[in-house]
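The values are calculated or read from the model by the stated rules, or taken from the named source; none is laboratory data. Just so you know, these numbers come straight off a predicted model, no measurement behind them. Methodologically, a virtual Cβ is constructed for each residue, glycine included, from the backbone with ideal geometry; neighbour enumeration extends over all protein chains shown. Ligands, DNA and RNA are stripped out before the accessible areas are found, and what is left, the full protein with its side chains, is counted by its heavy atoms. Shrake-Rupley method; radii C 1.70, N 1.55, O 1.52, S 1.80 Å.
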Amino acid sequence: MQQPAGIPPAVTTRLATSRSLPLETHDLGTFDDLVDLVSGGGVVVLSGAGLSTESGIPDYRGPDGTRRVEPMTYGEFAGSSEARRRYWARSFIGWQRFNAAEPNDGHRVVTELQRNGYVGPVITQNVDGLHQAAGASDVVELHGSLDRAVCLTCGEVTTRLGLHERMTEANPGFMERFAEAAAAVGSQWGEQVRPDGDIVLEDSLVESFHTPRCLVCGHDTVKPDVVFFGESVPKTLVERCFSLVESAGAVLVLGSSLAVMSGYRFVRRAHQHGVPVAIVTRSATRGDAEATVRLHAPLGRTLTQLRGALGH
């Protein structure tokens, strides 16, 4: 079985297209400038994978902005049963570590700044739910959430936890076989988890995995409810985020390289409307030229200092 009738085709408008990043990075402004900008309130936060690295979830890019791994695209996932088997076998392992991650200081400070009136909505490119776990409200999940899965054929939505339980039942001993294979090569699987809960896995193990099927229509087209590379963010969600950015007192980018248009367009929109943009992340970013304040610094420590400087 390959692609059942009714499954959406691969998207041709690739909103997740990457661009190369600057090789050199320079700060723009100072920490005090960041404090002044945030103290004015009305801040919309745009967060990326770099905010969750201190929770043990690696990002896709190294310090120089170079992508370290190539994630599965929507076209691959939708195109064949073999690709879906490969994704779910790897995700079955990786999600267990991913799901155990807890909010770090950066997530907690964002929540405190929101509760104290400095920060308003949070637009996150992350699919890990850690902003909500830290107590943040008004979180816009730009790329969806790994907490859910959806059938591409009939639209049935299920919880990721329930899906994991079904995969566990359908694949007895899979975790143990993986642990044996990893031990044989000295691999620590936890270090290979990716921002989407995926993981590196040997082909021989993938071939033995039973792909989850939809409980309603029976097809093997169950997909995590997240936006894959090459897939479009819903237009209504994009327009909502544009509106939030246009009415913001400032936009604070945390832990995103902005290398994909999915997030970068909001920095561009803020710049076009004269909304100040502050970017705090260790790597270069595609939005550096539009920034009002640009700090290359670790997020947990910097945000903790920001909270203190604001008197909280």
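Within the group Ala136, Ala89, Ala83, Ala78, which residue is in contact with a strand residue (DSSP E or B) (Cβ under 6 Å, 6 or more places away or on another chain) and open to solvent by less than 20 Å² (accessible area, probe 1.4 Å)? Step through it out loud before you land on a result.
Working: Ala89 fails: in contact with a strand residue (DSSP E or B) (Cβ under 6 Å, 6 or more places away or on another chain); Ala83 fails: in contact with a strand residue (DSSP E or B) (Cβ under 6 Å, 6 or more places away or on another chain); Ala78 fails: in contact with a strand residue (DSSP E or B) (Cβ under 6 Å, 6 or more places away or on another chain).
None of the others qualify; the one that does is Ala136.
Go through the stretch 158-175 and give me each residue that's open to solvent by less than 30 Å² (accessible area, probe 1.4 Å) and either in contact (Cβ under 8 Å) with a residue 12 or more places away in the chain or more than 30 Å from Ser81 (Cα to Cα) (or both).
Correct list: Arg160, Leu163, His164, Met167, Asn171, Phe174.
Taking the condition among the hydroxyl-bearing types (Ser, Thr, Tyr) and either touching a Lys or Arg at 6+ places or on another chain (Cβ under 6 Å) or not in a loop (DSSP other than H, G, I, E, B) (or both), does Ser137 pass?
On the way: among the hydroxyl-bearing types (Ser, Thr, Tyr): yes; either touching a Lys or Arg at 6+ places or on another chain (Cβ under 6 Å) or not in a loop (DSSP other than H, G, I, E, B) (or both): no.
So Ser137 fails the test.
Which pairs do you get when a residue that is farther than 13 Å from Val222 by Cα and among the acidic types (Asp, Glu), found in the stretch 71-95, comes within reach of a residue that is surrounded by fewer than 22 Cβ atoms within 10 Å (Cβ to Cβ) and at pLDDT below 90, reach meaning Cβ atoms under 6 angstrom, with the pair 6+ apart or on two chains?
none
For a quick check of your reading: which helices (runs of 4 or more DSSP H) sit entirely within the stretch 203-302 and have at least 3 residues that are of a type in the set (Lys, Arg) and open to solvent by less than 20 Å² (accessible area, probe 1.4 Å)? Write out each step before concluding.
On the way: elements: 203-207, 235-246, 261-272.
Filter on the stretch 203-302 gives an empty set.
Read through the list (1) part of a helix (DSSP H, G or I); (2) more than 14 Å from the chain's Cα centre (by Cα), then give the number of the only condition that Gln132 fails.
Only one criterion is unmet by Gln132, namely (2).
Can you tell me how many residues within the stretch 92-113 are open to solvent by 30 Å² or more (accessible area, probe 1.4 Å) and either in contact with a Phe, Trp or Tyr (Cβ under 8 Å, 6 or more places away or on another chain) or assigned to a helix (DSSP H, G or I) (or both)?
Total satisfying the criteria: 7.
Being of a type in the set (Asp, Glu) and under 17 Å from Gly300 (Cβ atoms) is the filter here; which residues of the stretch 74-115 pass it? Give the steps one after another, and end with the answer.
So in the stretch 74-115, the residues of a type in the set (Asp, Glu) come out as 76, 82, 102, 105, 112.
Result: Glu102, Asp105, Glu112.
Could you please let me know if Gly155 is free of Cβ contacts under 8 Å to residues at least 60 places away in the same chain, touching a Pro at 6+ places or on another chain (Cβ under 9 Å) and either open to solvent by less than 20 Å² (accessible area, probe 1.4 Å) or assigned to a loop (DSSP other than H, G, I, E, B) (or both)?
Details: free of Cβ contacts under 8 Å to residues at least 60 places away in the same chain: yes; touching a Pro at 6+ places or on another chain (Cβ under 9 Å): no; either open to solvent by less than 20 Å² (accessible area, probe 1.4 Å) or assigned to a loop (DSSP other than H, G, I, E, B) (or both): yes.
Taking the combined requirement at face value, the residue does not satisfy it.
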